[in-house]
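Here is the structure we will look at, set down as structure tokens.
A short reminder: the numbers here are calculations on the coordinates, not readings from a lab. What you see is a predicted model; the values in this text were computed from it and never measured. A quick note on method: Cβ atoms are made from the backbone with ideal geometry, for glycine too, and the neighbour counts reach across all protein chains shown.
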Amino acid sequence: MLFNTYKPWKFAFSQETEELENVTEDSWGIIGVPFDSTSSYGSGSRFGPTTVREASYSFENYNISFENEINKNFYDFGNINVVYGNCKKTMLILEETIKGLVEANIKPIVIGGEHSLTSSPIKALSTKYNIENIVIIHLDAHMDIIDEYQGEKCSHATVMKRVHDLNPKEIIEIGIRSASLEEKEFVDSQDNITILTAKQTNENFESIENKINTLDSNVPIYLSIDIDVLDPLYAPNVGNPIPNGISPATIEKITEILANKNIVGFDLVEVATNKLVDLTSVTGSKIVYDFLSLIK
Ligand SMILES: [Mn+2]
């Protein structure tokens, strides 16, 4: 069992073990982060790990879209013990927990929770992969790359700045349709950040596909999906909904392209509902389910 976790519910189709020494090498491990203490508008993403897992039981083990069965080689290690109100402490606990996975050759799938968590799995993965080689693909309505938000460095609104501070090879943001001038100027001043807007994603998907395909197949990629990248029509219960987003079909296409790449970690964040049978959690859960159906 991993230090500092507990198990409220397991993702459907996950393997039945809690002991790290029993898991198969090169498998995937789910960790939930029920934390939403810096949310600035819609709160409730602390319930995301529970509702996303609940929704997973509505899917079947054969994925007809991709004509294959879900990859059974994954485990659900439960949620970390978060420190409510303390972003930094919570993110340190997450980083230490994921280091345990990485040492056991298990790739992390983190279910949020607010977006602040993304820098922790990337830090943990940088103990195995050189951070200067890691590419981050970030699907979001927001750039999340401001240095401080309300005077805080650890926040859902600053997470990609914290990731950029680690000096990764490249950050590719897809589906963007909201930013501050400070963020826009920062991004323009850097040569390792690419912004692909929602408009561009919807009107010229080929340019997105081409950009992803410039990445060599062995480059380690970390994928972070904020569910608010979707149009609020598909995912209404999020922390900061922004109209004119992308569709689940577009995420499906991006996941298919990425499945041929070297994904070393993945997170799905900002599902903010405490209801069962909820559209946002079903849509979020389907993204994880499709990922697990396609990934090796
Ligand atoms: Mn967002």
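The table below gives the values:
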| read-out | value |
| --- | --- |
| In region 103-154, residue nearest to E25 (Cα to Cα) [restricted to those that are outside any strand (DSSP E or B), within 14 Å of the ligand (Cβ to nearest atom) and touching a Gly at 6+ places or on another chain (Cβ under 7 Å)] | G113 |
| Residue check, I212 of a type in the set (A, V, I, L, M), outside any strand (DSSP E or B), within 16 Å of the ligand (Cβ to nearest atom) and surrounded by fewer than 21 Cβ atoms within 10 Å (Cβ to Cβ) | no |
| Test: residue in region 74-82 that is outside any strand (DSSP E or B), within 29 Å of I242 (Cβ to Cβ), touching an Asp or Glu at 6+ places or on another chain (Cβ under 6 Å) and of a type outside the set (F, W, Y) | no |
| Lone qualifier among S224, S281 - being over 18 Å from A55 (Cβ atoms) and in contact (Cβ under 8 Å) with a residue 24 or more places away in the chain | S224 |
| Residues of region 56-95 satisfying the condition of being within 30 Å of K153 (Cα to Cα) and of a type in the set (A, V, I, L, M, F, W, C) | F77, I80, V82, V83, C87, M91, L92, I93, L94 |
| Residues of region 121-133 that turn out to be surrounded by fewer than 24 Cβ atoms within 10 Å (Cβ to Cβ), within 19 Å of the chain's Cα centre (by Cα) and under 26 Å from E182 (Cα atoms), as a count | 2 |
| Long-range neighbours under 7 Å by Cβ, at least six apart or interchain, first residue within 13 Å of K99 (Cβ to Cβ) and of a type outside the set (A, V, I, L, M, F, W, C) within region 111-140, second within 13 Å of the ligand (Cβ to nearest atom) and not in a helix (DSSP H, G or I) | P121/D267 |
| Region 66-86, subset surrounded by fewer than 24 Cβ atoms within 10 Å (Cβ to Cβ) and within 17 Å of the chain's Cα centre (by Cα), residue farthest from K253 (Cα to Cα) | G78 |
| Filter result (free of Cβ contacts under 8 Å to residues at least 60 places away in the same chain and under 22 Å from K169 (Cβ atoms)) within region 98-110 | K99, V102 |
| Residues (more than 21 Å from S65 (Cα to Cα), more than 13 Å from the ligand (Cβ to nearest atom) and buried (at least 21 other Cβ atoms within 10 Å of the Cβ)) located in region 238-260 | none |
| Filter result for the condition that a residue is within 15 Å of the ligand (Cβ to nearest atom), over 20 Å from N262 (Cα atoms), out of contact with any Cys (no Cβ under 8 Å at 6 or more places or on another chain) and outside any loop (DSSP other than H, G, I, E, B), over D228, D188 | D228 |
| Residues of region 261-277 that turn out to be within 16 Å of the ligand (Cβ to nearest atom), assigned to a loop (DSSP other than H, G, I, E, B) and not polar (S, T, N, Q), as a count | 2 |
| Checking N218 against (1) of a type outside the set (G, A, S); (2) more than 17 Å from H115 (Cβ to Cβ); (3) part of a helix (DSSP H, G or I), the condition it does not meet | (3) |
| All positions within region 159-185 that are in a loop (DSSP other than H, G, I, E, B) and within 12 Å of the ligand (Cβ to nearest atom) | R177, A179 |
| Restricting region 278-295 to residues that are of a type in the set (S, T, Y) and more than 16 Å from the ligand (Cβ to nearest atom), the residue that is surrounded by the most Cβ atoms within 10 Å (Cβ to Cβ) | S281 |
